[in-house]
Amino acid sequence: MSRSAVSRTFTDGASVSEKMRRRVEKTAAELGYTPNALASSLTTGRTRLIGLVSNNFHNPIFLEVFDLFTRGLQDRGLRPLLVNLTDETDPAQSVRMLQQYSVDGVVVASSTLPPSFSQAFKDAHLPIVHSFGRHSSTTQVHVVGIDNVECGRMAAREFVARGYKRVGFLGGPEAATSTQDRLEGFLTELASHDDMIVSHSFADAYSFDAGRQEMLRLLKTTPAEAYFCGDDVLSIGALSAVQDAGLKVPDDIGLLGLNDMEMAGWENISLTTIRQPIQQIVSSSIELIVAMLDEPNTHPEARLFPSSLVERSTLKPRV
């Protein structure tokens, strides 16, 4: 059989008769032949590589995020290229790295990287989607995630409804856009409640150790009655510190997280949290990046998914 017939058989959308396709596939199976994707990219100009960029590998929630992204991309015939940007501050260097691999598109999966990172990829003419990023009415790239300001408001309303009078926000890194937005919503919602005493502080990272260390510091002062930790892994670190201090949750201190990662539902943790619909966010991000491979100049849009409270046992009941 001819080389062109084999090529057409293994090229999506190429014209080849059903009889020839069966002959080629049967012979390929007998010979153990599979197409060389890298060689094909030289002909098509497409590598089918999608850069999957993140910078928070200390947070267990991203194991779920990466699992959903990698499987979802592979199901579409794409190949994820995982890039660790922990401690990276120069978006230009990240762009150069991904250009060296000739990726067809980029997904920035981070709630802490600023919009300038995604903008740098767009300026380099790479199709880009920012998952879990900060949205705005003037966004220049596709953003998929949740309304973090509204999540802060939601947490504040829960504290008011449960009768807490001295409350705190224990956020992730102060420079993270997700931390800033969740704090903004939290403070704004509580501003009209004159009887509430509100404090806020920040952990060094979205990690168990950082949440634990910040809560240990807070316990040396006069702690709040309840904390919105802004992230499940921070909440679990804070829970560890509270229990080690001989205090009870929620009797002495209430805790509210955000994400609803699998660990939050474990019986020994049972964290009340605000659920982020991660599967919907990942699926929508993949849908957008796939569409951009054919239409890279589509108008940027922000896709926001609603969050909801998951009631467990780290906050006292509503009054």
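Every number here is computed from the coordinates shown, using simple stated rules; none is lab data. No experiment lies behind these values; they were computed from the predicted model shown. Cβ atoms come from the backbone with ideal geometry, glycine included; neighbour counts cover every protein chain shown.
Observations on the structure shown:
- If you model region 245-313 as an ellipsoid using its alpha carbon gyration tensor, with each semi-axis the square root of five times an eigenvalue, the axes come out at 38, 11, 8 Å, biggest first.
- You can think of it this way: the chain between residue 64 and residue 316 has 87.8 nm of extra reach, that is 0.36 nm per residue less the Cα-Cα gap.
- Taking the number of Cβ atoms within 10 Å of each Cβ as an exposure proxy, the fewest-first ranking of 258, 304, 49 is 304, 49, 258.
- Cα-based Lys pair tally, the chain, threshold under 19 Å, eight or more apart or on separate chains: 4
- The amide H of residue 82, built 1.01 Å from its N in the peptide plane, has 52 as neighbours under 5 Å, considering only residues 5 or more places off or on other chains.
- For residue 202, the residues whose amide H sits under 5 Å from its own are 171, ignoring neighbours fewer than 5 places away on the same chain, with H placed 1.01 Å from N.
- Percentage, to the nearest whole number, of Cα pairs in region 70-204 over 21 Å apart: 51
- Under a 5 Å amide H cut-off, with hydrogens placed 1.01 Å from N, residue 174 pairs with nothing among residues at least 5 apart or on other chains.
- Counted by Cβ distance under 13 Å from residue 75, the other residues give a net charge of +2, where Lys and Arg count +1 and Asp and Glu count -1.
- Quarter of Cα convex hull surface for region 101-163, i.e. mean projection, nm²: 5.1
- Counting only DSSP beta bridges whose two residues both lie in the chain, roughly 10 percent are antiparallel.
- Net length available on complete extension from residue 194 to residue 283 is 27.8 nm, with 0.36 nm assigned per residue and the Cα-Cα distance removed.
- The chymotrypsin sites (Phe, Trp or Tyr not before Pro) found in region 225-319 that occupy coil by DSSP, while having at most 16 further C-beta atoms within 10 Å, are 266.
- Neighbour-count ranking [beta-carbon atoms within 10 angstrom, fewest first] of 188, 138, 86, 70: 138, 86, 188, 70
- Sparsely packed trypsin sites (Lys or Arg not before Pro) within region 234-315, loop by DSSP, other Cβ within 10 Å at most 12: 248
- The gain in end-to-end length when the residue 1 to residue 201 segment is fully stretched comes to 65.0 nm, 0.36 nm per residue minus the alpha carbon separation.
- Rg(Cα)/(2.2 N^0.38 Å) for region 148-276, N = residue count: 0.93
- For the chain, the Rg and Dmax computed from alpha carbons only, in angstrom: 23.7, 83
- The ranking of 108, 249 from fewest to most other beta carbons within 10 Å of each one's beta carbon is 249, 108.
- Relative to the longest principal axis of the Cα atoms of the chain, the long axis of helix 148-161 makes an angle of roughly 30 degrees.
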